[in-house]
């Protein structure tokens, strides 16, 4: 199986061979427009066929193949479009010009998705209405930081923590996936991550759950030990904010275990008519484990990154969840009375995946429960 740079190098060599053959043919024989367009269609088919062969042969993981496809779209196609424009702009007619312009536009779109939007932190303020029995005079504010998912701790992650603290929330929730990389990179980044977590504070406390990028639950405990952040592993904690009582339960990563089910039941069945109840999980899927019209006011989750790519009329491109695409795309939603807030997160998928965001900017969530 090919991985990483080797797979990208093999793919690039194939791309150059295909595109080069097309350009040489177009220059030498100067075919008429229908044949020229047919040749371009053949090039696109060959590029897609290359990906199909790579998948069928097991040459790379799915994220790596997606990265190859992305590079084809934002590098190879614009390059071919530029050559097409240079060679046949005058005699090619409107169709050639339209194809050239459309292909060229993919380059700036790719540059924006790769270098601009992943750094464009936004604050998503969302009002979460409560029933009259639990509504108070003043909102309880909850900041959510999900999926920092850095390989090397940097300014982006520090800026996210700074902005969360500037919001002065009553409670801060951390929804998992703090660092992604090898065991060696985790050990290298652990001291800096612990210092970053130590900066977080809120009147009602800071609470966290494990994500699926942490090496183990023991390593997750190492992240938070002595930082003031409380890691919740199938645990329930009650805190006070002004005159309000807030009960928070945190699930383990595998939300299908009997212990996780008991945690959900404790939160749903706990006494108290006017306390606020939040279920914190890494993945959004546990919302389906809540009873319809559940007594739990809100489930808070991350994991999906909002798909990282959201396309018009389609929504989140890939969510790694069984929930509807519009839910995984982020924001506040209700499923048969079960309310859920999904954060688009702060980082991006690492490893062989393309490190991009498009129409799904990284977010710091501020939930106002009132």
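Answer yes or no as to whether residue 74 is over 30 Å from residue 189 (Cα atoms), modelled with pLDDT under 80, in a helix (DSSP H, G or I) and under 28 Å from the mean Cα position of the chain (by Cα).
no
Looking at 59, 51, can you tell me which residue is part of a loop (DSSP other than H, G, I, E, B), modelled with pLDDT under 75 and closer than 28 Å to residue 351 by Cβ?
Values: 51 fails: part of a loop (DSSP other than H, G, I, E, B).
Residue meeting the stated conditions: 59.
Checked against the criterion of being modelled with pLDDT of 95 or more and within 10 Å of the chain's Cα centre (by Cα), segment 285-295 contains not a single residue that satisfies it. Within segment 352-363, the residues that satisfy the criterion of being surrounded by fewer than 21 Cβ atoms within 10 Å (Cβ to Cβ), more than 9 Å from residue 113 (Cβ to Cβ) and touching a helix residue (DSSP H, G or I) at 6+ places or on another chain (Cβ under 6 Å) are 352, 353, 361.
Being surrounded by fewer than 24 Cβ atoms within 10 Å (Cβ to Cβ) and in the same structural domain as residue 165 (by TED's automatic domain parsing) holds for only one residue in 345, 329, and it is 329.
Only a single item in (1) in the same structural domain as residue 351 (by TED's automatic domain parsing); (2) in contact with a strand residue (DSSP E or B) (Cβ under 6 Å, 6 or more places away or on another chain) is not met by residue 146, and it is number (2).
Right, residue 33: assigned by TED's automatic domain parsing to the domain that holds residue 72, out of contact with any strand residue (DSSP E or B) (no Cβ under 7 Å at 6 or more places or on another chain) and at pLDDT 75 or above or not?
no
Condition test on residue 291, is it closer than 30 Å to residue 242 by Cβ, surrounded by fewer than 23 Cβ atoms within 10 Å (Cβ to Cβ) and out of contact with any strand residue (DSSP E or B) (no Cβ under 7 Å at 6 or more places or on another chain)? Considered against the rule, which asks whether it is closer than 30 Å to residue 242 by Cβ, surrounded by fewer than 23 Cβ atoms within 10 Å (Cβ to Cβ) and out of contact with any strand residue (DSSP E or B) (no Cβ under 7 Å at 6 or more places or on another chain), residue 291 comes out as yes.
A count restricted to segment 284-311 and to residues that are touching a residue at least 60 places away in the same chain (Cβ under 8 Å) and more than 12 Å from residue 344 (Cα to Cα) stands at 2.
Can you name every residue in segment 207-232 that is in a loop (DSSP other than H, G, I, E, B), under 13 Å from residue 186 (Cβ atoms) and in contact with a helix residue (DSSP H, G or I) (Cβ under 7 Å, 6 or more places away or on another chain)?
214, 215 - these are the residues of segment 207-232 that are in a loop (DSSP other than H, G, I, E, B), under 13 Å from residue 186 (Cβ atoms) and in contact with a helix residue (DSSP H, G or I) (Cβ under 7 Å, 6 or more places away or on another chain).
Could you run through segment 233-249 and say how many residues are in contact with a helix residue (DSSP H, G or I) (Cβ under 8 Å, 6 or more places away or on another chain) and either buried (at least 19 other Cβ atoms within 10 Å of the Cβ) or over 13 Å from residue 176 (Cβ atoms) (or both)? Number satisfying all stated conditions: 5.
Please work out if residue 117 is within 17 Å of the chain's Cα centre (by Cα) and closer than 24 Å to residue 72 by Cβ. Before the answer, list the steps.
On the way: within 17 Å of the chain's Cα centre (by Cα): yes; closer than 24 Å to residue 72 by Cβ: yes.
Yes.
Within segment 256-268, the presence of a residue that is within 24 Å of residue 349 (Cα to Cα), in contact (Cβ under 8 Å) with a residue 24 or more places away in the chain, in contact with a strand residue (DSSP E or B) (Cβ under 8 Å, 6 or more places away or on another chain) and part of a helix (DSSP H, G or I) is excluded. One residue stands out in segment 172-206 among those that are in a strand (DSSP E or B) and under 21 Å from the mean Cα position of the chain (by Cα): the one that is surrounded by the most Cβ atoms within 10 Å (Cβ to Cβ), namely 174. In segment 102-123 there is at least one residue matching the filter, namely being in contact with a strand residue (DSSP E or B) (Cβ under 6 Å, 6 or more places away or on another chain), in contact (Cβ under 8 Å) with a residue 60 or more places away in the chain and not in a helix (DSSP H, G or I).
If you check 253, 280 for being in the same structural domain as residue 130 (by TED's automatic domain parsing), in contact (Cβ under 8 Å) with a residue 12 or more places away in the chain and farther than 23 Å from residue 163 by Cα, only one passes: 253.
The values are calculated or read from the model by the stated rules, or taken from the named source; none is laboratory data. A quick note: this is a predicted structure, and the numbers were derived from the prediction, not measured. Note that we place each Cβ from the backbone using ideal geometry, even for glycine, and neighbour counts take in every protein chain shown.
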